[in-house]
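One structure below.
The values are calculated or read from the model by the stated rules, or taken from the named source; none is laboratory data. Predicted, not measured: the structure shown is a model, and the values here were computed from it. All Cβ positions, glycine included, derive from the backbone under ideal geometry; neighbour counts span all protein chains shown. When the accessible area is computed, the model is the full protein with side chains, heavy atoms only, and any ligands, DNA or RNA have been set aside. Shrake-Rupley method; radii C 1.70, N 1.55, O 1.52, S 1.80 Å.
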Amino acid sequence: MVNQMYLSSTAKALLGQAAFKVLAKAKDLERQGKNVLHFEIGEPDYNTPENIKKAAIEAIKRGDTNYVNAAGILELREAISEEIEKTRGFKPSVNQVLVGPGANPLIYFALACVADKGDDVLLPDPSFPSYIAAIAALGLNPVYIPLREENGFRMSPEDVAEHVTPKTRIIIMNSPQNPTGAVMTKDEINGLSDIAEDKKIYLFSDEIYSKLLYDEKHHSPAFRDGCNERTLLVDGFSKAYAMTGWRLGYCVGPKELISKMELMLQTTVSCVPPFVQYAGVEALKGPQDFVVNMRDDYKKRRDVIVSGLNKVPGFSCIYPHGAFYAFPNIKDTGMKSDELSEILLERIGVATLPGTAFGPQGEGYLRFSYATSLDAIKEALERLNEFMGEIA
Ligand SMILES: Cc1ncc(COP(=O)(O)O)c(C=O)c1O
């Protein structure tokens with residue numbers, strides 16, 4: 001008899017990220033000679049600025065290539081503390097700051113440290129697939145808060161309040177949001193802080209797109225308690241400084257919780273490479289014109305893609321106010337999201353993600369990451385118009 005490989009319930013619960021699956025398929029098609037326009041992966045098409053690369057290279061040459069403190073080098077934690085003071089209006093102590101290999105694992109560590117199997121985690125639906133995957137891997141119970149298009153896809157405190165139970169440990173919010181580009185108002189954010197305070201639960205604020213807002217200033221719930229009691233703030237370098245491959249992010253939170261997350265980091269990755277962390281110091285302390293120019297550029301692309309998508313037969317799209325995602329409604333095409341996403345990739349070489357990759361409420365939507373060239377956007381719009389016109 002063939003021995004069946006034993007797999008744990010954690011192994012069986014692993015979901016991963018849909019973007020990587022679509023990217024692999026798109027690359028496969030490219031290898032077969034098909035021209036593919038990429039809108040599936042959520043990363044800047046810019047390269048990391050030279051001054052940041054140089055800081056890492058200098059650190060390597062200096063010999064900063066050994067293990068370092070698991071929480072992060074002091075220079076970076078201090079730079080992050082100053083950055084939070086500048087952008088969120090309070091200065092956390094360095095022992096409230098944890099540096100991690102990207103924001104993504106910090107989401108997992110935070111959930112693992114605040115919730116037990118079967119506990120409720122409130123999260124936006126649709127949302128970043130890693131929340132759903134981390135919740136599943138940890139055996140937690142996802143409680144989806146629907147983001148409604150008629151509310152600009154903003155998470156409503158009233159909806160959140162309705163779903164809080166004695167088993168709720170944490171509310172996840174994300175503004176600007178992936179995959180909708182929605183930006184919550186100051187009042188809505190305050191409403192979530194009120195609920196967290198009243199019910200004595202954690203509020204996890206994923207602010208990875210905090211520097212990519214088009215029309216307004218960034219608001220964070222972290223100011224309320226200075227991340228001393230129940231607010232956890234996650235941000236990073238991937239999106240703002242085009243550093244997705246460097247794996248660098250950070251979390252600010254209550255120091256007891258941060259010290260537990262630090263132990264998780266010690267257990268799993270030991271520490272973030274020091275030369276990567278020196279690049280992070282330069283990103284925060286060096287010139288910021290790169291971020292401003294990139295954001296202005298994305299705004300131009302947003303205007304082109306959103307007005308273009310609104311002309312595609314069967315599509316309608318509201319304006320995202322931050323991040324770099326358009327989330328058109330495709331319900332009038334009569335097709336399911338994954339069906340349309342697959343057809344567009346195979347037939348016209350336009351790679352998108354189905355809305356359902358982000359949660360059940362994503363049915364009837366596609367996500368386009370428009371951090372790609374204006375030429376690619378224009379070409380994709382032409383292909384879409386022609387193809388959707390034909391099959392309508
Ligand atoms: C909302 C959100 N949070 C976190 C991340 C992960 O960022 P990092 O590259 O820092 O792990 C992403 C990446 O797409 C994201 O969209």
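So the values come out like this:
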{"read-out": "Sole exception among (1) closer than 27 Å to P328 by Cβ; (2) out of contact with any Pro (no Cβ under 8 Å at 6 or more places or on another chain); (3) without any contact (Cβ under 8 Å) to a residue 24 or more places away in the chain; (4) not β-branched (V, I, T) for D159, by number", "value": "(2)"}
{"read-out": "Yes/no for L353 being more than 16 Å from the ligand (Cβ to nearest atom), in contact with a strand residue (DSSP E or B) (Cβ under 7 Å, 6 or more places away or on another chain), open to solvent by less than 60 Å² (accessible area, probe 1.4 Å) and not aromatic (F, W, Y)", "value": "no"}
{"read-out": "Count of residues meeting criterion [more than 15 Å from the ligand (Cβ to nearest atom) and open to solvent by less than 60 Å² (accessible area, probe 1.4 Å)] in the range 11-29", "value": "5"}
{"read-out": "Residues within the range 86-115 that are away from the ligand (no atom under 14 Å from the Cβ) and either part of a strand (DSSP E or B) or out of contact with any Lys or Arg (no Cβ under 8 Å at 6 or more places or on another chain) (or both), tallied", "value": "9"}
{"read-out": "Given (1) of a type in the set (S, T, Y); (2) within 15 Å of G359 (Cα to Cα); (3) open to solvent by less than 10 Å² (accessible area, probe 1.4 Å), index of the condition Y144 fails", "value": "(3)"}
{"read-out": "Close pairs from the range 331-350: first outside any helix (DSSP H, G or I), partner open to solvent by 30 Å² or more (accessible area, probe 1.4 Å), Cβ under 6 Å, at least 6 apart", "value": "G349/K34; G349/N35; V350/R383"}
{"read-out": "Criterion (in a helix (DSSP H, G or I) and of a type outside the set (F, W, Y)) met by exactly one of A196, A242", "value": "A196"}
{"read-out": "Given (1) out of contact with any Lys or Arg (no Cβ under 9 Å at 6 or more places or on another chain); (2) in a loop (DSSP other than H, G, I, E, B); (3) of a type in the set (G, A, S), index of the condition S205 fails", "value": "(2)"}
{"read-out": "Among the candidates P287, P328, P313, residue that is touching a Gly at 6+ places or on another chain (Cβ under 8 Å) and not β-branched (V, I, T)", "value": "P313"}
{"read-out": "Answer from E83, E43 - the residue that is within 16 Å of the ligand (Cβ to nearest atom) and open to solvent by less than 30 Å² (accessible area, probe 1.4 Å)", "value": "E83"}
{"read-out": "Residue match in the range 374-382 (condition: part of a loop (DSSP other than H, G, I, E, B), in contact with a strand residue (DSSP E or B) (Cβ under 8 Å, 6 or more places away or on another chain), open to solvent by less than 10 Å² (accessible area, probe 1.4 Å) and modelled with pLDDT of 95 or more)", "value": "no"}
{"read-out": "Which numbered condition V306 fails, given (1) part of a helix (DSSP H, G or I); (2) at positive phi", "value": "(2)"}
{"read-out": "Sole residue being open to solvent by less than 50 Å² (accessible area, probe 1.4 Å) and more than 20 Å from the chain's Cα centre (by Cα), chosen from F387, F358", "value": "F387"}
{"read-out": "Meets criteria (more than 11 Å from the ligand (Cβ to nearest atom) and without any contact (Cβ under 8 Å) to a residue 12 or more places away in the chain) for D198", "value": "yes"}
{"read-out": "Among (1) assigned to a helix (DSSP H, G or I); (2) touching a Leu at 6+ places or on another chain (Cβ under 7 Å) - the single one R367 does not satisfy", "value": "(1)"}
{"read-out": "The range 201-229 - residue that is among the basic types (K, R) and more than 15 Å from the ligand (Cβ to nearest atom) and, of those, surrounded by the most Cβ atoms within 10 Å (Cβ to Cβ)", "value": "R224"}
